[in-house]
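Here the structure comes first, spelled out in structure tokens, and everything after it is commentary.
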Amino acid sequence: MTTFEENGEHSMKTHEEINETVVKFSCPYCEKVYSSDCNLQIHVDKMHMQKSKLQCGVCGSIWKYPSALKVHMESHSTEKIHKCSLCDAAYTSSGSLFAHSKTHKPKGHTCSICGMSFTQRGHLKHHLLQHTDQKDHQCTVCKKDFRDKGNLTVHMRIHEGRRDYECHICGRAFVVKAYLKNHLKMHQDTITP
């Protein structure tokens, strides 16, 4: 029987030969090397993506992933390229089309107070806040109260001086995208005879 010492050199050489044939995935940001693409992606996401921020060239918002920035860029477009296959609706973003597609599903969530129906339980839950005076979210600047956190977040833009949604026709800026869309309708009314 041979011992490790006797085969040590042979074993080490075989180990090196095996490692030479293994495909290696090198990190583009540092010198780390991984045996699988999956492990490399985990490393890049954990170690580099949080440090490497992607900035929107239109509004300056920061994004962690290129795919998220790409989806965000759709929000600045006015071209409705995402069309519903079940009706004539069209949207500037794939996310809006996805949300719209749920309107074609049966509305299985009904408000027990007013009878209004929703396709998603979360929408019903948000709607139920309208039937209560409960406002659990307060602005730290002006002390105004809000029913949900989303409305408080939008409200805080006023105090921050942020008006992220600008009209490409007259330059007027708005805190909320819906306000800009409503404003753009005013321009359509003045342009069309």
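For ASN151, the conditions (1) within 22 Å of the chain's Cα centre (by Cα); (2) loosely packed, with under 13 Cβ neighbours inside 10 Å; (3) under 30 Å from LYS53 (Cα atoms) are fulfilled apart from (2). Checked against (1) assigned to a helix (DSSP H, G or I); (2) at pLDDT below 85, PHE98 passes all but a single condition, namely (2).
Right, LEU180: more than 21 Å from SER77 (Cβ to Cβ), of a type outside the set (Asp, Glu) and assigned to a helix (DSSP H, G or I) or not? So LEU180 does not fit the description; no.
Please go through region 135-168 and pick out each residue that is in a loop (DSSP other than H, G, I, E, B) and under 28 Å from VAL58 (Cβ atoms). Across region 135-168, the qualifying residues are CYS139, VAL141, ASP148, GLY161, ARG162, ARG163, ASP164, CYS167, HIS168. Among residues belonging to region 113-134 that are part of a loop (DSSP other than H, G, I, E, B) and in contact with a helix residue (DSSP H, G or I) (Cβ under 9 Å, 6 or more places away or on another chain), point out the one that is nearest to ASP148 (Cα to Cα). The extreme case among them is GLN120.
The values are calculated or read from the model by the stated rules, or taken from the named source; none is laboratory data. Quantities reported herein were computed from a predicted structural model and do not represent experimental measurements. A quick note on method: Cβ atoms are made from the backbone with ideal geometry, for glycine too, and the neighbour counts reach across all protein chains shown.
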